Each structure stands twice: as C-alpha cells, then as structure tokens.
1. Which order do 200, 234, 67, 194 take by accessible area at a 1.4 Å probe, largest first?
2. What ranking do 72-80, 154-162 get when scored by the average of other Cβ atoms within 10 Å per residue, highest first?
3. Let me check I've understood the local charge: for residue 21, count other residues with C-beta under 10 angstrom from its C-beta, Lys and Arg +1, Asp and Glu -1. What total comes out?
4. Based on the Kirkwood radius over alpha-carbon pairs, what is the Stokes-Einstein translational diffusion coefficient of region 173-320 at 20 °C with 1.002 mPa s viscosity, in µm²/s?
5. With every protein chain left in place and a probe of 1.4 Å, what is the accessible surface of residue 217, to the nearest 10 Å²?
6. Compute the long axis of helix 78-96 from its Cα atoms, compare it with the longest principal axis of the Cα atoms of the chain, and write down the angle in degrees, 0 to 90, nearest 10.
7. Express the carbon and sulfur contribution to the solvent-accessible surface of the chain as a percent, rounded to the nearest whole number, probe 1.4 angstrom.
8. Quickly work out the residue 236-to-residue 209 label distance, labels modelled 7 Å from Cα along the C-beta direction, and quote it in nm with one decimal.
Amino acid sequence: MGPPESEDLAADETCDTYIIEQTDKGYRCAIDVPSVLYKYIIGKKGETRRRLESDTKTSISIPKQGMEGQIVITGSHKAAVSSAVTRVEVLVDSFRRKQPFTHFLSFPLNDPKIQEGFVRFKDEVLQQCSQDHGVEGSIFQNPAKLHLTIGTLALLNETEVRKACEHLQECRNFIRDITEGNPLPLEVTGIEYMNDDPAMVDVLYAKVSVKDGSDKLQVIADRLVEHFVSTGLMVREWDRVKLHGTVINTLFRKDSTAEDSGGTGRQTTSEREAFDARNILKKFGAYRFGEFELNTVLLSQRYSTDCTGYYTSAGSVNFS
C-alpha cells in the first residue's frame with residue numbers, strides 16, 4: 001500500500017478551486033453554493049446527497065433551505081473529499097445553466113434623442129403599416145428601455161451580484177484603452193430582422209455603429225464577454241456579440257413585462273405570433289433614429305425599472 005501522502009498529493013491536483021483543510025477528524029472543504037441550488041444536491045427525498053456520500057465515503061452538510069451559507073464536505077481521506085467536491089461542482093454547474101438569467105450587461109440606448117427618434121418611428125410605422133399582419137402597438141419596445149444586450153448572467157445571490165460588479169470594474173482599464181478615455185459617438189440608423197423570412201418576423205432591431213466607422217463598440221462587447229466567461233459567471237453563446245437594439249419583439253405582444261434578452265427569437269412560433277415586416281423594411285430600412293454619445297456599460301437587473309424608466313443597475317463602468 002502506498003503512503004497516504006501520495007493520495008493527498010493527487011487530491012491537491014484535482015481540487016484546486018477549493019481549499020481542503022486537515023482537521024483532527026480528517027479533512028474538510030467548504031463550498032459557496034447559492035441556496036437556490038441546494039435542492040439539486042439534496043435530490044428527491046435526499047437521494048442525491050445520500051448517493052454522493054455513499055459513493056465518496058464523505059459526509060455532506062447543507063444549510064437549511066432559504067438560508068445562504070456553505071456546503072461543508074468532510075471525510076477521513078483527502079482524495080474522498082476532493083472527489084465529492086468535484087461531483088458537487090459538476091451538479092451545481094449543470095443546474096446553474098438551467099436557471100433563468102437575472103442580470104445582463106447592457107449598453108443603454110435610452111438617450112433622449114434616440115427615444116425621440118424611436119417614438120417617431122413607432123408612430124410612422126403604425127400609421128403606414130398597421131394593416132400588415134401582426135403589426136400593432138404592443139409589440140414595440142418601451143422607449144425608456146432601449147438597449148444593446150452584451151451578455152446575460154444568472155446571479156443567484158447577493159454574493160454573486162457583488163462578484164459580477166467587481167469583475168465589471170476589472171474591465172475599466174481595457175475599456176478606457178479602447179475609448180481613449182472618451183465617450184463613443186454612435187449613430188443608430190437602419191433596421192434589420194432576425195430570421196430568414198421577412199413576412200414572418202419576431203424581432204426587428206435598429207443598427208448601431210460607431211460614427212468614425214471603427215469597431216470599438218464590438219471590441220468592447222467581445223472583450224467583456226470574454227472576461228465574464230472566464231470567471232464562470234457567463235456562458236458563451238456566440239463567437240462574437242450580436243450588437244442590436246431591439247425596437248420590435250413579438251414577445252411583448254402577450255406580456256408587456258416580457259423582456260428582450262437580446263436573444264434570437266428562439267421560441268417556437270406556436271408560442272408567439274410573428275408579424276409581416278416587408279413593408280416596414282421597404283419604407284423604414286434606412287430610418288435614422290439619431291446620434292448620441294455612449295459613455296457607460298451597465299450590469300442591469302432583469303424585470304426591473306429605475307427612476308429614469310431604464311433597468312435598475314447593479315454596477316457600471318464609464319468610458320471617460
């Protein structure tokens with residue numbers, strides 16, 4: 001039999017995210033897990049936890065439901081504790097991905113000039129195209145909430161929100177390097193649609209570009225996603241961020257509180273009624289919403305509204 005040290009050495013290599021401490025009774029590791037995920041580690045009638053404990057010869061202590069705290073794994077061998085930690089991490093990771101997102105990184109487009117241009121766009125579309133299938137007032141974005149979504153996050157407790165704010169602050173330097181410490185002059189001109197058939201559209205969005213023709217906004221967005229993916233707080237969806245400011249979304253038709261997640265209209269058509277955008281595209285394809293200077297990226301909270309009518313912000317970084 002090999003000496004116990006070799007077992008401990010192997011355990012160190014497999015469990016580098018958490019510290020496994022030696023105690024007078026063996027080994028112990030405490031893991032931060034949001035309380036909303038406890039039920040997945042406990043399982044139906046405690047089955048998952050019992051199986052984990054039996055497979056790894058450890059004991060797993062979980063705070064009571066609704067209480068935030070740490071899951072504590074103890075055992076007589078370090079490798080056993082390490083194995084249990086890995087199994088819990090895998091469970092947490094897979095169920096975290098199934099949680100609806102709570103926050104998103106956004107570039108606000110709710111500048112008064114853009115809001116004004118948008119309201120004019122809405123009025124003109126309703127005057128000229130309301131006879132087209134599915135075109136009516138409820139599917140238009142709320143002007144105060146016009147934005148570009150950079151990426152979405154499921155932040156499951158206050159600690160994670162605080163961590164995300166800290167990570168956003170870490171991006172300040174590279175953002176200011178790109179913007180040279182100045183706001184970015186943007187223009188919002190033209191519209192595009194999300195799917196293949198212009199007669200059956202779910203999302204129509206405004207095109208946003210940097211006035212000097214550079215790709216600075218794209219670079220900032222991609223770097224932000226890169227940073228947040230590396231922290232484990234964001235899941236990468238695309239190679240590059242698709243920068244678009246939603247102006248019409250059929251999700252709003254049934255539910256004015258529905259939110260545009262910057263998504264692709266992935267819901268099935270049975271869940272939402274598409275609209276015929278052919279006329280809108282023909283008449284308003286090059287519509288000018290306006291120009292403004294963007295000076296901030298926000299960590300916005302989903303389903304929320306602040307005093308300006310925009311989403312409540314949990315954190316922000318200015319360009320200048």
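1. The most accessible residue leads, giving 67, 200, 194, 234.
2. In decreasing order of mean packing, 72-80, 154-162 become 72-80, 154-162.
3. On the way: positive: 28, 78; negative: none.
After counting each charged neighbour, the total is +2.
4. 125 µm²/s
5. For residue 217, the solvent-accessible surface is approximately 10 Å².
6. Around 20 degrees separate the two axes.
7. The value for the chain is 49 percent carbon and sulfur by accessible area.
8. Distance between the two pseudo-spin positions: 2.7 nm.
The values are calculated or read from the model by the stated rules, or taken from the named source; none is laboratory data. Small disclaimer: the values here were computed from a predicted structure and weren't measured. When we count neighbours, we look across all protein chains shown, and the Cβ atoms used for this are built from the backbone with ideal geometry, even at glycine. Surface accessibility is based on the protein's heavy atoms, side chains included, excluding ligands, DNA and RNA. Shrake-Rupley method; radii C 1.70, N 1.55, O 1.52, S 1.80 Å.
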